[in-house]
Amino acid sequence: MQHPMDKYFDEIVNSTVEILKFDSSMKAPEGENGEYPFGKETADCLAYFLALAESFGFETHNYDNYIGEVVFGSGRAFAVLAHLDVVPAGSGWKYPPFGGVINDDISAGGVEGKKIWGRGAMDDKTPAIVCLYALKALKDSGYLPKRKIKLIVGCNEECGWKCIEHYNQVAKMPEEGFTPDANFPVIYAEKGIFHFTANFALNDAPVSALKAGQRANMVCDYAEAIVTRKAAEALVNYENRVVGTTLSYDNSTNILKAYGKSAHGSTPDKGANALQALLLFLSGLSEDCKAAYDILFNDCLGLKTLQDETGVLTASPDVALLENGVLKVTTDIRFPATLPLESVTDKLNGAGVAYTVEHYQAPLFNDPNGVLITTLTSVYNRIAGKDEKPIAIGGGTYARALKCGCAFGPEICGEEDTIHQVNEYVTFDRIRLMSEVYYEALKAVSENVKTIKIGDLKIKEK
């Protein structure tokens with residue numbers, strides 16, 4: 001039987017291709033008066049999305065190029081929080097990261113069927129587009145929601161959340177909602193996020209310069225260091241033991257290069273850390289490098305012993321820079337949702353690690369039996385023909401911006417994940433699934449006029 005979203009499929013694909021062409025990665029403010037806080041191209045991406053919504057007859061708002069919203073209906077508001085910014089593309093793409101190429105190539109993705117390639121294909125431009133068309137389909141059918149649906153699209157989710165800060169200053173955030181920016185069936189809990197930069201003195205290291213990584217929440221896929229000739233000679237008989245990485249030396253520049261594979265910082269096991277490969281090699285030549293390696297990668301502090309029902313702590317050292325003999329390394333920590341931040345910092349402080357805090361977000365924990373979680377779980381299972389339970393993740397989403405919020409798709413556990421990796425793509429099959437699920441979910445939540453139950457609210461920081 002045909003679903004109401006089927007007739008919009010080609011339009012969804014075309015709009016996805018167009019929005020993927022914008023390089024909406026974080027850039028310095030542009031414009032004479034800084035009117036483009038995250039760069040002109042990111043603002044253009046937001047303008048494209050809002051113009052598309054306006055062409056469908058929706059009320060829209062652009063809040064100073066920080067964030068925008070599409071409004072449908074009236075009554076107590078429900079938020080759908082998506083984001084249009086992306087992490088840097090990185091290198092090694094088979095197809096242009098901002099090209100929106102469509103084909104059925106399986107060599108780069110390993111999945112059969114047609115797909116759209118591009119940075120943001122899954123994180124989070126396609127879900128944003130699909131949710132917009134779901135609203136259009138409801139509107140075109142004459143449906144009148146009992147609640148106001150606010151599709152809010154931010155431009156700084158990947159790096160700072162200044163978009164959410166600005167929204168809270170100029171508009172009113174709904175209390176309840178979901179973000180299409182994680183996994184199905186639904187996320188009831190998200191681990192705490194803690195980024196810190198540790199300092200390590202490298203007094204005996206055979207390096208004069210070192211740099212690695214792009215973002216704290218991206219597994220480091222490239223690292224390099226200018227090393228001594230003696231270190232280069234040691235590389236000849238060295239056997240690299242970090243799976244998925246390679247080391248090479250350039251005689252003309254004295255640069256030792258390490259290559260790995262990027263992944264989301266919350267799932268370091270899905271990547272291959274180039275900084276780890278570089279530091280492990282240097283550890284055999286320097287006690288200072290070994291001390292740093294043991295803390296960063298050997299877990300000598302016991303951080304990874306911390307766990308609860310939401311999982312074990314993960315640590316991903318992703319950005320490094322050597323300055324004045326001090327190696328500064330930024331690590332992405334995702335700690336169990338029922339534990340306080342002190343469970344992490346006490347171990348760092350107890351070991352005398354010199355560090356500065358770069359970023360922190362408290363964990364999110366919703367009642368898995370609450371109205372929001374059960375409603376969305378039921379919708380997904382019905383459409384997908386499954387019987388799955390709510391899950392917890394290490395990723396951090398806009399759900400934390402809501403009093404009662406959760407992440408809801410579009411990834412499926414156990415299937416290939418290309419978020420924050422090269423050759424990111426979305427399949428046509430996933431677009432079809434998203435279209436049906438988000439349409440039915442928006443219809444379901446817009447019928448639910450109950451007040452939020454106390455048990456649904458996320459736990460506060462201990």
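No lab work stands behind these numbers, since they all come straight from the coordinates. Note that the structure is a prediction, hence the values are computed from the model and not measured. Please note: Cβ atoms are built from the backbone with ideal geometry, for glycine as well, and neighbour counts cover all protein chains shown.
Remarks
- Straight-line cross-link partners of LYS172 among the aspartates and glutamates, defined as a Cα under 17 Å from its Cα and at least 8 positions apart when in the same chain: GLU59, ASP64, GLU69.
- Sequence-ordered 3J(HN,Hα) estimates for the stretch 49-65 from the Karplus curve with 6.51, -1.76 and 1.60 and θ = phi - 60° stand at 4, 5, 5, 4, 5, 5, 5, 8, x, 8, 6, 10, 9, 10, 8, 6, 6 Hz, glycine and proline given as x.
- With a simple spin-label model that places each label point 7 Å from the Cα along the Cα-to-Cβ direction, the separation between SER74 and GLN169 comes to 3.1 nm.
- Only beta bridges with both residues in the chain are counted; by DSSP, about 75 percent of them are antiparallel.
- Stretch gain in nm, segment ALA47-LYS386, where the contour uses 0.36 nm per residue and the Cα spacing is subtracted: 118.3 nm
- Shape of the stretch 81-216, Cα gyration tensor, a/c cut at 1.5: oblate
- Sites GLU239 and PHE428, calculated FRET efficiency, Cβ-Cβ separation with R0 45 Å, nearest 0.05: 0.55
- Interchain or long-range residues, amide H under 5 Å from GLU424's placed H: GLY118
- Using θ = phi - 60° in the Karplus curve 6.51 cos²θ - 1.76 cosθ + 1.60, the 3J(HN,Hα) couplings for the stretch 213-229 round to x, 10, 9, 5, 9, 10, 3, 5, 9, 8, 9, 8, 8, 7, 10, 6, 4 Hz; x is entered for Gly and Pro.
- In this structure, TYR360 and MET1 have a Cβ-Cβ separation that, at R0 = 56 Å, corresponds to a calculated FRET efficiency of about 0.70.
- Computed E for GLU11/ALA351 - FRET, C-beta separation, R0 45 angstrom, nearest 0.05: 0.20
- Here the stretch 393-416 is scanned for amide nitrogen atoms under 16 Å from the site 7 Å beyond the Cα of GLU112 along Cα-to-Cβ, giving 416.
- Linear extension gain, ARG229 paired with GLU415, 0.36 nm per residue minus alpha-carbon span: 62.5 nm
- Gap separating the Cα centres of the stretch 82-110 and the stretch 1-41, nearest whole Å: 14
- Structure note, pairs LYS7/LYS125; LYS94/LYS150; LYS21/LYS270: Cα-Cα distances above 30 angstrom occur for LYS94/LYS150.
- Loop-located GluC sites (Glu not before Pro) in the stretch 33-74, at most 14 other Cβ atoms within 10 Å (DSSP): GLU35
- Each residue of the stretch 30-39 is assigned a 3J(HN,Hα), and the resulting list reads 10, x, 4, 10, x, 6, 10, x, 10, x Hz, derived from the Karplus form 6.51 cos²θ - 1.76 cosθ + 1.60 (θ = phi - 60°), x at Gly and Pro.
- Ordering TYR380, TYR425 from the fewest to the most neighbouring beta carbons within 10 Å gives TYR380, TYR425.
- Helix-only CD estimate at 222 nm, as mean residue ellipticity for the chain, using -39500 (n - 2.57) per DSSP H run (n ≥ 4): -8500 deg cm²/dmol
- Residues MET5, MET434, MET173 in ascending order of nearby Cβ atoms (within 10 Å, fewest first): MET173, MET5, MET434.
- Counting other Cβ atoms within 10 Å as a rough exposure proxy, the listed residues MET122, MET218 run MET218, MET122 from fewest neighbours to most.
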